[in-house]
Amino acid sequence: MPKRGGVARKAAALALVLCGLLLGGCYASPLLLLDADEAVQPLVDGVYVRDGDPADRFEVTQAADGWYRIARFNPNGTIGETRRVLFTIMALDDGRPAFAAAAQSDEGYAYAVLMVDGGRVQLATPDCTDSADRNLAVDHGGAADDDDGMTPTCTFHNRAKLLSALAAFAGQADFGRPYQRH
């Protein structure tokens, strides 16, 4: 069985690819819990730059299979690590449009919430080192795991429970400064 802590570490790389958020544990699963047949394409191909930080940017390319290739730029301007990311529509209690994001790694999948408002893109990644995010995961059927004492991961094995936890997380998440396509 793959190490779950590796999912958290590699998922943190995706969080950096998408918006440079948290470098901690995450909501993860060994198998894809989103339905690939329900994939949507909320992003337009191009380069996205974080408001106020032109060095914080990533490139988005939609693939024919419904997934995206998302690559972070290295400090020297070259393309860095690229991840496959899938988005599906997510229901939020307050009616805001949102998307569940699944980032694939060799160890499994890490999840986040994406909001798109006009040309502004915001992403929040649950951080299981944060007690509020960890408690939400556990309250919604996830398991708080800690394989190395450094990177707690909240693991899910059920799609409905994951989506419920992500929706609850979106209600308390700090989405940070948005990105815009340039």
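A few comments on the model shown:
- Thr82-Asp94 pseudo-label distance in nm [points 7 Å out on the Cα-to-Cβ vector]: 3.6 nm
- Spacing of the modelled spin labels on Arg181 and Asp35, each 7 Å from Cα toward Cβ, amounts to 2.7 nm.
- Pairwise Cα inverse-distance average, inverted: Kirkwood Rh of the stretch 116-182 (Å): 12.9 Å
- Potential lengthening between Asp65 and Arg159 on full extension [0.36 nm per residue; Cα-Cα distance subtracted]: 31.8 nm
- Our analysis of the stretch 68-154 gives Rg over Rh at 1.01, with the two radii drawn from alpha carbon positions and Rh computed by the Kirkwood formula.
No lab work stands behind these numbers, since they all come straight from the coordinates. Quick caveat, the model's predicted, so the values are computed rather than measured. Methodologically, a virtual Cβ is constructed for each residue, glycine included, from the backbone with ideal geometry; neighbour enumeration extends over all protein chains shown.
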